[in-house]
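Values in this text are rule-based calculations from the coordinates and carry no lab data. Everything numeric here is computed off the predicted structure, so don't read it as measured data. Please note: Cβ atoms are built from the backbone with ideal geometry, for glycine as well, and neighbour counts cover all protein chains shown.
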């Protein structure tokens, strides 16, 4: 811990102003000054200026990136606490090089698959449109799609993808899957049939991606993949925006080449107010709320407080 007093702690990107609601910070505030920021800064210079006085920075996973440039210009920084088991937007090598301690919280894995299925249900049955039309005086204005007998195509059969397969099975769907390292045996074990990436995009009525973002997976869904989809098919992404060629997705939606898309993640977050995604009638979009649940936030902030308490006591 710092010998200087008082220790200064920054809690970043608390959009809903709930950091103190979901955890008891009293043991921390008794020993340190805690400042909660509810706005989001995108300019690195502004981030550095804001964080310069702080010894501890608590970040919500992948909201404010902590790059080498930022970390190198924060001489007072001693501890970073990040929610989630990993955070790709923190430069790990820079953290080590500049002698900063990095701690992660636990993670609740149910939020993302539940959100994915909610979006799939909502877009297939036109729930947002029907709700809006109902409030405007309308009645039965769309015809919803079915799930039984349709084909769910899953890119990535890890923890989230396998859960989606289980959901799809409960709805009597056919399940096909692909990922670079998926074997036929593993796919069968998870209730799916292994197919090529090309066949998945051609056959699926719903294509949903569940992969970890890395240099290898960035842009793994490109224009040529989306072009293979049925005109009646839907594309879903609740994983990470950069997994998909955003320009290609915008183009295929603008041209109505597929039935629609449901997405919760974007290349730039928060999404600019003038972004084309904001004005598409065949897009159902939410603001990266897959992990924004009560139990997840309780876990995130409780573990954050515990990590800070342990550091203060060390």
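Subtracting the Cα-Cα distance of residue 102 and residue 26 from their residue separation scaled by 0.36 nm leaves 25.1 nm. In whole percents, the pair-distance distribution calculated for the range 215-314 from its alpha-carbon pairs, binned every 5 Å from zero, is 3, 11, 19, 19, 14, 10, 8, 7, 5, 3, 2, 1.
For the chain, the longest principal axis of the Cα atoms and the long axis of helix 159-170 meet at an angle of about 30 degrees.
Can you give the relative contact order of the range 184-230 as a percent, counting alpha carbon pairs under 8 Å and 6+ residues apart?
Values: 23 pairs, mean separation 19.9, N = 47.
Across the range 184-230, relative contact order equals 42 percent.
Where both partners of a DSSP beta bridge lie in the chain, what percent of those bridges are antiparallel, to the nearest 5?
Values: 0 of 40 bridges.
Expressed as a percentage, antiparallel bridges in the chain total about 0.
In this simple spin-label model, placing a label point 7 Å from the Cα along the Cα-to-Cβ direction at both residue 17 and residue 216 gives a separation of 4.5 nm. Name the residue, out of 84, 144, 290, whose mean-square fluctuation peaks in a Gaussian network model built on the chain with Cα pairs under 10 Å. Greatest mean-square fluctuation among the candidates belongs to 144.
Considering only 176, 80, 92, give the residue with the highest GNM mean-square fluctuation for the chain, with springs between Cα atoms whenever their separation is below 10 Å. Of the options given, 92 has the highest mean-square fluctuation.
Reported to the nearest whole Å, the Cα centre-to-centre distance from the range 141-162 to the range 222-249 is 14.
Within the range 42-97, the proportion of Cα pairs with more than 19 Å between them is 16 percent.
Per the Debye calculation on the range 64-143 with a single equal scatterer at every Cα and no solvent contribution, log₁₀ I(q)/I(0) for q = 0.11, 0.23, 0.27 Å⁻¹ amounts to -0.55, -1.02, -1.19.
Just so you know, the Cα atoms of the range 11-71 work out to an Rg and Dmax of 12.1, 33 Å.
With a Förster radius of 25 Å applied to the beta-carbon distance between residue 38 and residue 278, the computed FRET efficiency rounds to 0.70. To the nearest whole percent, what portion of all C-alpha pairs in the range 111-285 is separated by more than 30 angstrom? I get 14 percent for the Cα pairs in the range 111-285 exceeding 30 Å.
Of 287, 132, 239, the residue with the greatest mean-square motion in the GNM of the chain, using alpha carbon springs below 10 Å, is 132.
In plain terms, the chain from residue 298 to residue 183 could stretch by 37.7 nm, reckoned as 0.36 nm per residue minus the Cα-Cα distance. Distances between every pair of Cα atoms in the range 235-289, grouped in 10 Å steps from 0 to the bin holding the largest one, split as 25, 64, 11 percent. Of the labelled figures [x] 59, 41, 35; [y] 65, 52, 33; [z] 57, 46, 36, only one reflects Cα extents along the principal axes in Å as derived from the coordinates, namely [y].
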